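What follows is a single structure, written as structure tokens, with notes after it.
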Amino acid sequence: MRHRTAVVRAACLAATVLTTAALSACGSSEPAAPREDRAAPQPFGSPTTVSEDVRITAAAEGFMKAWMLDPADVKAMCEHETKAARPNFGDDGGTVDGCIAARKSLTERTPEPGAAPLRFTIDHIQDVKASRKHPAGKGVLATGQRDGGKPFRYALRLILEDGQWRVEQDENVRSRYNHTADPVADVLWSMG
């Protein structure tokens, strides 16, 4: 029996040595060249969705900050709006220069002495259907607040124009929507 066990051990050892030698011979210290017919690995999730949400948020926040400054940054405000949303659309097709001229009164507002800085949060990004006056796009809720002040909310509709997200519609979220955290779709539909 001892002889049989020794033979089995020797056979196993020989198989291990041969397998290791075969694997070593097949291996290479050079990294494998990428195959052109194989797709590159993709990260989990949808990176294009994340970047679109970031772009939408930045456009909405830029518009609200430009509008609500005292005095307003009318040029930035106009640049963040679609041509159709600018007050001069009927006169000159919604140029930025015409928009700046039409909104000159916003540049004459004076800051309230000692007022705390105004902060905005942008959330509830969602698809919104076309309304009577506005095309389908993305809706967001913009909430503004100063330290010690009461928050106020605006629902914004943004659409892609010339490769940029721009504000097409802005609606004050009145107190009748205090009961809901997400009035965006309802406000944009009923007011637009």
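The values are calculated or read from the model by the stated rules, or taken from the named source; none is laboratory data. Model, not experiment: these values are computed from the prediction. Cβ atoms come from the backbone with ideal geometry, glycine included; neighbour counts cover every protein chain shown. Keep in mind that these areas ignore ligands, DNA and RNA; they rest on the heavy atoms of the full protein, side chains included. Shrake-Rupley method; radii C 1.70, N 1.55, O 1.52, S 1.80 Å.
To put it simply, the accessible area of the stretch 57-158 at a 1.4 Å probe is 54 percent carbon and sulfur.
Of all lysines in the structure, those lying under 23 Å Cα to Cα from LYS65, and not within fewer than 8 positions of it along the same chain, are LYS75, LYS83, LYS104, LYS138, LYS150. The phi-based Karplus calculation (6.51 cos²θ - 1.76 cosθ + 1.60; θ = phi - 60°) puts the 3J(HN,Hα) values of the stretch 80-88 at 8, 9, 6, 4, 5, 7, 6, x, 9 Hz, whole numbers, x for Gly and Pro. Extending 7 Å from Cα along the Cβ direction at GLU112 and again at ASP53 yields two label points whose distance is 3.3 nm. From the alpha carbon centroid of the stretch 116-188 to that of the stretch 61-86 is 14 Å. Remark on GLU81: its backbone amide H falls under 5 Å from those of VAL167, a criterion applied only to residues 5 or more positions apart or on other chains, H modelled at 1.01 Å from N.
A DSSP coil position with no more than 14 other Cβ atoms inside 10 Å describes the following trypsin sites (Lys or Arg not before Pro) in the stretch 78-165: ARG109, LYS129, ARG132, LYS133. When TRP189, TRP165 are compared by accessible surface with a 1.4 Å probe, the order from highest to lowest is TRP189, TRP165. Annotation: amide H-H contacts under 5 Å for VAL128 (H modelled 1.01 Å from N, sequence separation of 5 or more, or interchain): GLY137, LYS138, GLY139.
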